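Undergrad: Starting off with a structure, shown below.
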Amino acid sequence: MKKKILIVAAKYYKDIYTPLLSTAISTLDEDKECTYNTFVVPGVFEIPVVISRYIKNYDGFIALGCVIKGETPHFDFISKSTTDAIMKLSIENKKPIGNGIITCLNKSQAEVRSNKKGIEAAKAVISILSQWNEFTV
C-alpha cells in the first residue's frame with residue numbers, strides 16, 4: 001500500500017518556501033511508494049495545529065518553513081515551541097514528521113539551506129516509513 005504523506009509548508013518567506021517545497025515534492029515524486037498532499041500555512045507557528053488536525057489521515061508528515069533571528073526573543077519562542085510541538089505530535093502518535101524548518105541568523109543562511117532542507121526532511125520520512133514496512137517485532 002502506498003504511504004500517504006502531508007507536506008505542511010509555511011509561506012512567510014516566499015523565496016525560502018519555494019525551494020523548500022519544490023525539493024521536497026521532487027524527492028517524494030521519485031518514490032513510487034508514496035502519495036502526498038500539500039497544505040500551505042502563513043507561518044511555522046501554524047504547522048503543528050495542521051499536523052494535529054490531520055494526524056489520523058496520513059502515515060507521515062513533512063514540516064517546511066523558515067524562522068530568521070531578529071532583534072527580539074520572538075525567534076527563540078517560535079523556534080522552540082514549534083519544534084517541541086512537532087516532536088510531541090510525532091512521539092504521541094507514533095508517526096514520522098520530517099522537520100524541514102530552517103532556523104537561521106540571517107536570510108543568506110536560509111537561502112543556502114533552502115535547497116537541501118526539503119530533500120532531507122522528505123528522505124527522513126520516506127526512510128522511516130520504509131523501515132516500518134520491513135521491520136516486525
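The values are calculated or read from the model by the stated rules, or taken from the named source; none is laboratory data. This structure is a prediction, so every number in the text was calculated from the model and none was measured. Counting neighbours? That spans all protein chains shown, and the Cβs are built from the backbone with ideal geometry, glycine included.
Undergrad: So, in segment 14-44, of the ones that are in contact with a Leu (Cβ under 9 Å, 6 or more places away or on another chain) and outside any helix (DSSP H, G or I), which residue ends up nearest to C104 (Cα to Cα)?
TA: V40
Undergrad: Kindly provide the set of residues from segment 98-125 that are closer than 19 Å to E30 by Cα and in a strand (DSSP E or B), ordered by number.
TA: Correct list: G98, G100.
Undergrad: For segment 99-111, enumerate the residues that are free of Cβ contacts under 8 Å to residues at least 60 places away in the same chain and either surrounded by 12 or more Cβ atoms within 10 Å (Cβ to Cβ) or within 15 Å of the chain's Cα centre (by Cα) (or both).
TA: If the condition is that a residue be free of Cβ contacts under 8 Å to residues at least 60 places away in the same chain and either surrounded by 12 or more Cβ atoms within 10 Å (Cβ to Cβ) or within 15 Å of the chain's Cα centre (by Cα) (or both), then N99, T103, C104, Q109 are the ones that fit.
Undergrad: Follow-up. Hey, could you check segment 56-87 for residues that are more than 19 Å from A24 (Cα to Cα) and touching a residue at least 40 places away in the same chain (Cβ under 8 Å) and say which is surrounded by the fewest Cβ atoms within 10 Å (Cβ to Cβ)?
TA: N57
Undergrad: State the number of residues belonging to segment 112-126 that are farther than 12 Å from L64 by Cα and surrounded by 22 or more Cβ atoms within 10 Å (Cβ to Cβ).
TA: 2
Undergrad: Quick check on this structure: which one of A124, A63, A110, A85 is modelled with pLDDT of 95 or more and closer than 12 Å to A9 by Cα?
TA: Every option except A63 fails the conditions.
Undergrad: In addition: Say we look at segment 34-51 and pick out the residues that are among the aliphatic types (A, V, I, L, M) and surrounded by fewer than 17 Cβ atoms within 10 Å (Cβ to Cβ); which of these is nearest to D15 (Cα to Cα)?
TA: Among those residues, the one meeting the criterion is V40.
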